Amino acid sequence: MELALIIFLPFLGSLGAAFLPPNARNAEAWLAGAAALAATAITVSLYPQVAAEGVLRLNLPWAPALGLDISLRMDGFAWLFALLVTGMGTLVVIYARYYMSPADPVPRFFSFFLVFMGAMLGVVLSGHLIQMVMFWEMTSLSSFMLIAYWHHRGEARRGARMALTVTGAGGLALFGGVLLLGHIAGGYDLDTVLAAAPQVKAHPWYPAVLALIALGALTKSAQFPFHFWLPHAMSAPTPVSAYLHSATMVKAGVFLLARLWPVLAGTDAWFWIIGGAGLCSLVLAGYLAMFQQDMKGVLAYSTISHLGLITLLLGMNSELALVAAVFHIANHATFKASLFMAAGIVDHETGTRDLGRLSGLSRAMPLTAALAVVAAAAMAGVPLLNGFLSKEMFFAETVFLDRPDWQRFGLPLAATLAGVFSVAYSLRLIQRVFFGPPAQDLPHTPHEPTRWMLLPSALLVAACVLVGVVPELVIGPYLRTATGAILGADAPAYSLAVWHGFNTPLLMSFVALGGGALLHGALLARRGATTVPLLESIDGRHLFDVTLTALTTGAERALRRLSSPRLQMQMLLIFAVALGGALLLVKPFGIGWGANAPQPLDPAFALLWLVGGACALAVAWQAKYHRFAAVAFAGGAGLATSLTFVWFSAPDLALTQLTVEVVTTVLILLGLRWLPRRDERIAGPGGATPRLRRSRDILVAGGCGLGLAALAYAVLTRPAVDGIAPFFVQQALPQGGGLNVVNVILVDFRGFDTFGEITVLGIVALTVYALLRRFRPAPESMRLPDQQHEQDGDASPRDSQEAMLPAGAMMLPAVLVRLLLPLALLVSLFFLLRGHNAPGGGFVGGLILATAVILQYLVGGTHWVESRLRIHPLYWIAIGLLLAAAAGIGAAFAGAPFLTSQAWHGTLPVVGELHLSSVLLFDLGVYMLVVGATTLMLVAIAHQSLRSQHHRTATGDTR
Amino acid sequence: MEIVFALAIGVMAGSGIYLLLRPRTFQVIMGLSLLSYAVNLFIFGMGRLRSGAAPVLDATRGADAALYADPVPQALVLTAIVIGFAVTALLLVVLLAARGLSGTDHVDGREPERE
């Protein structure tokens, strides 16, 4: 349980941090510090258990059917890393409290900071590979948010985007690699994978697995040739650089390589890919670090170089090298984080990090200078500091490497060269910033920072010294547990002593120290230029930008070539592709007519569809210039459809189709007046092109129609399949308590679907309402339609309420329609109530009532109706939804799942025998929602005429 | 009967698709409406055509599934009709709003350049 708590605490803290006020720096720091410190404490307290039992596991079942559990696993190695993440996190929180300025929105900072901590702990403690990749992605995302923290700066945004692109692409490759690896190993569990090492290495996919996982790890750890993102990530706040980009996140790559070392290492491919990338990064980044002008730039390149060292060690296929790598991970984190903090302090107190401007700060800030000097010495590998020990182990490994001749000579030379660079850039950094004459034109006058800001740095430097002087005592047992966890029982013996006697590695160390000092004294100290000699032209960022631009323009070009911005063309392509695809399938599947004898043709039915088909064709023909005729013809086609439903035993469908038809027609008629005039006389020039286009469309449309018809006929002449229909027919009465099977399916068996559907209907109605609130009609449709104009004449001003009453010939229907409303209400209720046992139901009933209401509007006029009848469609929608939901939730009181129908059957004293069912409540909800939604939509469109009238009066346009 | 039913689907779908390919918004609405009739009939037809066998249980005939038309496609189509209405309404309003904003009823939101 403690394992879950370690990961859970930072996420919980993050949630809390996000909701604190923007200026609550102290509260944020306390919260984040408490979360980090608690996680650290738990991690520390787990050590005895880890040391004794080897591996702690926690499995929380999540989707057991898919073999997916939330699986946490802590062994010695994971423990060391978890301590690094939590401990360093605590220190950086303290530091950040004093680093961040009061103007910065700290909730965002600490919130993402803690998310990162939780994600990083997730990577370290995952016992399941896919789960680990998910946390891995989360670290990339939180790193993106933290680099772009000062998002008003262009470089921060660019750096963040570059980091995310590179690490995100790597994460994708890693995911692929992990999937392959898990497939080969027969499971994604880390223990399974670790146990399957021989199979993995012998598998033909091994090179692919290795390449993909290496891509993930190398991008994350900013290794050559993907190193270029890390220097640009330095636009993040310095606490982020210290924590993510030196101590923890960039170590995730090497962590992964070490974690999978037993499975993947030991082959030549591993040596060349991992070792090669490491060696290139080690030497190249060391060289580049000597010429950086920004303090953080030096540290960034030195980080790449040191990570290269670790990667190279891992790539050497030697167990002792692995020990050295793990040791150096810990050492590098301590001295580099401390140096970053020093760089942040200098930046904070002087306002600049430019090595060309800074000078002689040791007088103004002696404590900072002392701490930085010791940390830099550790970075350079000066004896009696921790950096010396792991570097010595590294030198020893290069000397005793078991490889062919030239590699045995080349590697120690390269290692010594990197050592020389490392000493030179460390010296240059310290000498430029802290020594020499005091700087003159700094933005702020430098002084020592508050002690709390120095404390984290001081603790880290103390660790550097302690490990350097008495390594066996301070880190020996922990290192042994960590390496033992990776290597198992056959871990090699090694000694962590400071003094091993005079030997080749010691000689190399002294050569590096002497050479570095010489290089610095002879060249760097006097050099004023700000460029990088020799390698100026090799710029990863430029390459990255060029690639990105090429990709973007290529995508744009391809899109232009492959697709059209015109919707008509896209639509045509969709239908053409659908038609072509369907035709391709006909041959292999041999779709022909079925063997069933067709039913004898009824002339009436044929006549019905003669009319219906003619109507459909007429719609297609008339829709352009004669909209009203098209609406009428569409109604004819709808009627034919409705009659077909009646013919083939679907009374419910026929009723619904009929009522929907009425409502749709009214709706479209209401919308008609807002469409622009389209007249044959003002049509554009005819000609061959439009005719050709129309013929092409007719061809495609005809083909699709014929295909659909053929498909329908092929199905209809085959015998019916039983499917699930018998279940519904047999269970409708016993389980649903209704005789109308369709209605029982809708409100009972598939009630959840219907519930979703009426929700959609409500949402659509609200959307229509909202869209029309901001509706701005086109200017030419603002004037009153000719018909209304003629009817009312110019003489009758339409501003008084009385004038809105229907006049003249409309009075008679107005009275009749008024009488119709209560009758319609009765009929609609009748359809609602009988729906369960006979054709009808909530949908039909609701549509009938809505039609009656809209009739009032049509005949009586909006003003007249609304001054007498108070309909609140929004309430109807809300109450309908609530009723349906209540009917569903009510089942919970009976201990049944959501929407299970509950019925009560009995006799009441006066009423007599009664059957009550929660289904009726549900159907009532449907009914009310349908009424509300339909009237809301229709009334919203109808109101536009009134609003434009107001608009006209307001602008003084009397026409 | 089946051949007429199938042809009816074909004619309505063909007209609907032709209208969907037209440039004016009103034509598209009408096309969508016709296409939804055709698709509804098509889905309904998947339960095969039977006359005089409405899926309303009759106590004298019992609950034998063979005696009734298939209720499942009917239930599906019923919801499809109602949702189709909602989609038509939404589309209509979106098109009206688009027309108010862009000043044209062309589907692309602007008049095409005459070649």
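The values are calculated or read from the model by the stated rules, or taken from the named source; none is laboratory data. Everything quoted here is computed from the prediction, not taken from an experiment. Neighbour counts run over all protein chains shown; Cβ positions are idealised from the backbone, glycine included. Ligands, DNA and RNA are stripped out before the accessible areas are found, and what is left, the full protein with its side chains, is counted by its heavy atoms. Shrake-Rupley method; radii C 1.70, N 1.55, O 1.52, S 1.80 Å.
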Checklist entry - Does A:Phe728 fit the bill of being in a helix (DSSP H, G or I), out of contact with any Cys (no Cβ under 6 Å at 6 or more places or on another chain), within 17 Å of B:Phe44 (Cβ to Cβ) and open to solvent by 10 Å² or more (accessible area, probe 1.4 Å)? => result yes
Item to check | Subset of the range A:55-99 (residues that are of a type in the set (S, T, N, Q) and either in contact with a strand residue (DSSP E or B) (Cβ under 9 Å, 6 or more places away or on another chain) or surrounded by fewer than 18 Cβ atoms within 10 Å (Cβ to Cβ) (or both)) | outcome: A:Asn59, A:Ser71
Item to check | Residue within the range A:549-571 that is touching a residue at least 40 places away in the same chain (Cβ under 8 Å) and surrounded by 14 or more Cβ atoms within 10 Å (Cβ to Cβ) present | outcome: no
Checklist entry - Can you tell me which residues in the range A:430-444 are open to solvent by 10 Å² or more (accessible area, probe 1.4 Å) and touching a residue at least 12 places away in the same chain (Cβ under 8 Å)? => result A:Ile430, A:Gln431, A:Arg432, A:Phe435, A:Gly436, A:Pro437, A:Pro438, A:Ala439, A:Asp441, A:Leu442, A:Pro443, A:His444
Checklist entry - Within the range A:553-583, can you find the residues that are of a type in the set (A, V, I, L, M, F, W, C) and either farther than 27 Å from B:Thr25 by Cα or at pLDDT below 85 (or both)? => result A:Ala555, A:Ala558, A:Leu562, A:Ala582, A:Leu583
Checklist entry - Could you say which residue among A:Leu855, A:Leu938, A:Leu874, A:Leu882 is within 14 Å of another protein chain (Cβ to nearest Cβ) and at pLDDT 85 or above? => result A:Leu938
Checklist entry - Can you name the number of the only condition in (1) surrounded by fewer than 24 Cβ atoms within 10 Å (Cβ to Cβ); (2) in a helix (DSSP H, G or I); (3) not β-branched (Val, Ile, Thr) that A:Gly253 fails? => result (1)
Checklist entry - Can you name the number of the only condition in (1) at pLDDT below 90; (2) in a helix (DSSP H, G or I); (3) buried (at least 19 other Cβ atoms within 10 Å of the Cβ) that A:Gly738 fails? => result (2)
Item to check | Flag if A:Ala814 is at pLDDT below 85, part of a helix (DSSP H, G or I) and surrounded by fewer than 16 Cβ atoms within 10 Å (Cβ to Cβ) | outcome: no
Checklist outcome for this item: A:Ser101 meets each of (1) free of Cβ contacts under 8 Å to residues at least 60 places away in the same chain; (2) assigned to a helix (DSSP H, G or I) with one exception, condition (2)
Next on the checklist: Given the options B:Leu76, B:Leu92, B:Leu96, name the one that is more than 7 Å from chain A (Cβ to nearest Cβ) and assigned to a helix (DSSP H, G or I).
Outcome noted: B:Leu76
Checklist entry - In the range A:266-274, is there at least one residue being assigned to a helix (DSSP H, G or I) and surrounded by 24 or more Cβ atoms within 10 Å (Cβ to Cβ)? => result yes
Next on the checklist: If the requirement is being over 23 Å from A:Glu28 (Cα atoms) and touching a residue at least 12 places away in the same chain (Cβ under 8 Å), which of these qualifies: A:Leu91, A:Leu141, A:Leu114, A:Leu129?
Outcome noted: A:Leu129
Next on the checklist: Given the options B:Gly62, B:Gly45, B:Gly16, B:Gly84, name the one that is open to solvent by less than 10 Å² (accessible area, probe 1.4 Å) and more than 7 Å from chain A (Cβ to nearest Cβ).
Outcome noted: B:Gly16
Checklist outcome for this item: Within the range A:185-225, the count of residues that are open to solvent by less than 40 Å² (accessible area, probe 1.4 Å) and within 29 Å of A:Cys280 (Cβ to Cβ) comes to 16
